[in-house]
Amino acid sequence: MAKVKTTFFCQNCGTQFAKWQGQCNACKEWNTIVEEVIQKPEKSDWKSSTSSVKRTSVPLKINEIDTTNEPRLDTFDSEFNRVLGGGIVPGSLTLLGGEPGIGKSTLLLQISLKLPYKTLYVSGEESQKQIKMRAERINPENSNCYILTETKTQNIFKQIEALQPDIVIIDSIQTLHSDYIESSSGSISQIKECTAELIKFAKETATPVLLIGHITKDGNIAGPKILEHMVDTVLQFEGDRNHVFRILRAHKNRFGSTNELGIYEMQGSGLREVSNPSEILISKKDEELSGNAIAATLEGMRPLMIEVQALVSTAVYGTPQRSATGFNAKRLNMLLAVLEKRAGFRLGAKDVFLNITGGITVDDPAIDLAVVASILSSNEDVPLQKDFCFAAEVGLSGEIRPVQRVEQRILEAEKLGFSTIFVSKYNKISLKNTLIKVQLISKIEDLVAELS
Ligand code: TYD
Ligand code: MG
């Protein structure tokens, strides 16, 4: 038996200390430092008894390095492929985080059911029966997917050696337990050790590993921050649990951009890929209603048409209420102040409610103009034309400011059949022969004039 060594870790930020203290020097939290037993035996990792391979790396001239594209495994899920940057890179570790119940297990099970490769889905959270029941809802016919319910990494590696899967999925990293560490599953030292063992396995066998990770109250992946540094890709699965849409984003990606985003819809039979999100986000209605405006926003690299709804009504109480769902409330107040000061609308005594439909949160400043248009429309109780859309930022002096990649937004609006898009006069647009009318405006008053 190797010697037992103990160290102290801050459970909040993962900083290591030589002895106990009340407050963590790094994150200033109190009572977060916990003693953890670390037993560092020589063979603490994957196949250590058999592997005697010592890879030595030699320096190469940068232009001698082989740059032929890494082959990637197609996941047969175009949204997932897009977010990963074109598929799974062999030997990579991908961490998928998200709120409980958002659909992390569903997403990865669904992908493993679709894959033509041999996949091993290791669950420490659900029984094989439970997973089978879930799989039946999604796609019952697949013989390439193996389910293992196990939490001990040493046993998992034993099964992997016997099965030789092409891809391994772990649900979840917080339930894994390595024999070499004595502290309980989910503790910082366990998460670190299990991830390190999985990384070693992935790199040595070029098998990709997908990990599911729990998140904390404030939305970070539970466990040490170092977990995110260790893996190659960190994906976040988000969305409002009460809404049907789920958004998959890359927060870190060593093999692609972090700008891409995948959209899914949760259905009774699993997650459906949404390849044209704008069509669902815009409610189809026959009559024109006041207070609705469409914004041509960008989510990452993807243009997305989003519906903004505003309701302006006379305040019943002394202080008017302002509330925004899916939009920054401070920004709403700022836009209201601009409307009051620059365009002369008396909104001071009005309640204003704003809602971005579809349960999506938008932080693209290009949505400003649609917010303003929807407020004006509701205030006057005059509907905007159904085929109008907007893409511009509004400045404090009421000026309409340009936004990035405006041409992409114009083309998306045209594709979806909008007749007119309102953008800033200061955008440089070199598009010619567009079917859509590009209305250039420079200040709020121009918008008021155009809409009335
Ligand atoms: P789950 O994938 O277990 O979430 P996580 O692993 O992130 O905690 O659960 C997803 C939720 O989706 C669950 O509450 C049930 C629901 N669901 C559907 O609506 N349709 C389906 O086909 C499946 C499998 C789940
Ligand atoms: Mg789960």
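Within the range 329-385, restricting attention to residues that are among the basic types (Lys, Arg) and under 24 Å from Val316 (Cα atoms), the residue that is modelled with the lowest pLDDT is Arg346. Taking the criterion of being open to solvent by less than 30 Å² (accessible area, probe 1.4 Å) and of a type in the set (S, T, N, Q), the only residue of the range 142-166 that qualifies is Thr153. Scanning the range 92-127 for residues that are within 12 Å of ligand 2 (Cβ to nearest atom) and among the polar types (S, T, N, Q), we see that the one that is farthest from Ala206 (Cα to Cα) is Thr106. Figure legend. Inter-residue proximity from the range 159-187: first residues among the aromatic types (Phe, Trp, Tyr), second residues away from ligand 1 (no atom under 16 Å from the Cβ), beta-carbon distance below 8 Å, spacing 6+ or different chains. Indicated pairs: Tyr180/Gln39; Tyr180/Lys40; Tyr180/Pro41; Tyr180/Ser44; Tyr180/Glu193. Selection within the range 327-360: residues that are hydrophobic (A, V, I, L, M, F, W, C) and part of a loop (DSSP other than H, G, I, E, B). The member of this set that is farthest from Glu307 (Cα to Cα) is Ala349. Looking across the range 327-371, the residues that are within 26 Å of Met301 (Cα to Cα), charged (D, E, K, R) and open to solvent by less than 50 Å² (accessible area, probe 1.4 Å) come down to Asp364, Asp368. One residue is enough: does the range 238-247 have a residue meeting the conditions under 12 Å from the mean Cα position of the chain (by Cα), modelled with pLDDT of 85 or more and either more than 16 Å from ligand 1 (Cβ to nearest atom) or not assigned by TED's automatic domain parsing to the domain that holds Thr175 (or both)? Within the range 238-247 (the criterion being under 12 Å from the mean Cα position of the chain (by Cα), modelled with pLDDT of 85 or more and either more than 16 Å from ligand 1 (Cβ to nearest atom) or not assigned by TED's automatic domain parsing to the domain that holds Thr175 (or both)), the answer is no, since none of the residues qualifies.
Part of a loop (DSSP other than H, G, I, E, B), more than 16 Å from ligand 1 (Cβ to nearest atom), open to solvent by 10 Å² or more (accessible area, probe 1.4 Å) and modelled with pLDDT of 90 or more: which single residue out of Pro116, Pro59, Pro90 fits that description?
On the way: Pro116 fails: modelled with pLDDT of 90 or more; Pro59 fails: modelled with pLDDT of 90 or more.
Within the list Pro116, Pro59, Pro90, the selection yields Pro90.
Report yes if some residue within the range 208-226 is in contact with a helix residue (DSSP H, G or I) (Cβ under 9 Å, 6 or more places away or on another chain), within 29 Å of Asn333 (Cα to Cα) and open to solvent by less than 50 Å² (accessible area, probe 1.4 Å); otherwise report no. Scanning the range 208-226 turns up no residue that is in contact with a helix residue (DSSP H, G or I) (Cβ under 9 Å, 6 or more places away or on another chain), within 29 Å of Asn333 (Cα to Cα) and open to solvent by less than 50 Å² (accessible area, probe 1.4 Å).
The values are calculated or read from the model by the stated rules, or taken from the named source; none is laboratory data. Keep in mind the model is a prediction, meaning the values are calculated, not measured. When we count neighbours, we look across all protein chains shown, and the Cβ atoms used for this are built from the backbone with ideal geometry, even at glycine. For the accessible areas, the whole protein counts, side chains as well, though only heavy atoms, and no ligand, DNA or RNA atoms are used. Shrake-Rupley method; radii C 1.70, N 1.55, O 1.52, S 1.80 Å.
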